[in-house]
Amino acid sequence: MGIGPSTKETSLHHFQDPLVDLLGKDPDIDFQGIIIVGTPQSNAMKYLVGQRTAAWLAGMRTNGVIASTDGWGNSDIDFANMLEEIGCRNISVVGLKFIGTQAKFVVENEFTKHVLDFNKSKNGIETEVVGENTIDPRDAAIALASIKLKMRKDNQRPK
C-alpha cells in the first residue's frame, strides 16, 4: 500500500520517510524492506494481492509488519484483506492509515482494530496543505512501539 496519503506527499518525503528511517536505524529491528502493493479494481484481484503479499512475507520469515495505506473507501477492502492474510499467517501486524472523521473502515476484521490514525487536522479531514497529513517522526515512533509490543504479545500466546 502507500507510506502515507500520496496525494499530499512530496518526493522529499519519500526520500526521507520517517518510518523507513526509524526502522532502518533501530537495533532491535531486522528491517527487511518495503513492499509496494497496488489496489486492483476487481474484488478477486484485491484478495489475490493480499494473499500474495502475505505469502511473500511468510516466505521471508517476517515476524512483524507495519502496513500502511494511502486510500479509503474501496481501498479498505484491499487493506483489511491484506492485514488479515498477514495476521492469519501468525505474523504480527499493525497498520497506519489516515482515518480522521471517517473513523470506520468499509470492511473490518480483527486486524483492522490495530490500525493507527495519522490524521493531523483538528477537523479530522484531509487538508490541502502539502505534507500536513503524512507520517511524521512521532507517528513512526508510535508505529514502531506498537509493532514491538504486538510482536511481544503475539509471541507469548500459545500457537
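FYI, it's all coordinate maths here, none of it is from the lab. Remember, it's a predicted structure, so these values are computed and weren't measured experimentally. Counting neighbours? That spans all protein chains shown, and the Cβs are built from the backbone with ideal geometry, glycine included.
Each other residue within a Cβ distance under 12 Å of residue 147 adds +1 if Lys or Arg and -1 if Asp or Glu, for a net charge of +1. In the chain, the calculated helix contribution to ellipticity at 222 nm averages -12500 deg cm²/dmol per residue, counting -39,500 (n - 2.57) for every DSSP H run with n ≥ 4.
Percent of Cα-Cα pairs per 5 Å bin, from 0 to the last occupied bin, for the range 13-61, please list those. Calculated P(r), rounded to whole percents: 4, 17, 20, 17, 18, 15, 7, 2, 0.
Projected label points at residue 123 and residue 55, each 7 Å from Cα along the beta carbon direction, are separated by 4.5 nanometres.
The Rg/Rh ratio for the range 37-110 is 0.95, where Rg is the radius of gyration of the alpha carbons and Rh is the Kirkwood radius.
Each peptide among 143-150, 121-128 gets the average number of other Cβ atoms lying within 10 Å of its residues, and from highest to lowest they stand as 143-150, 121-128.
A Cβ-based charge dipole, computed about the Cα centre of the chain with Lys and Arg at +1 and Asp and Glu at -1, lands at about 600 debye. Computed from the C-beta positions of residue 114 and residue 35 and an R0 of 25 Å, the FRET efficiency is 0.85 to the nearest 0.05.
Dimensions of the range 6-156 from C-alpha coordinates, computed as largest minus smallest value along each principal axis and given longest first, are 40, 40, 27 Å.
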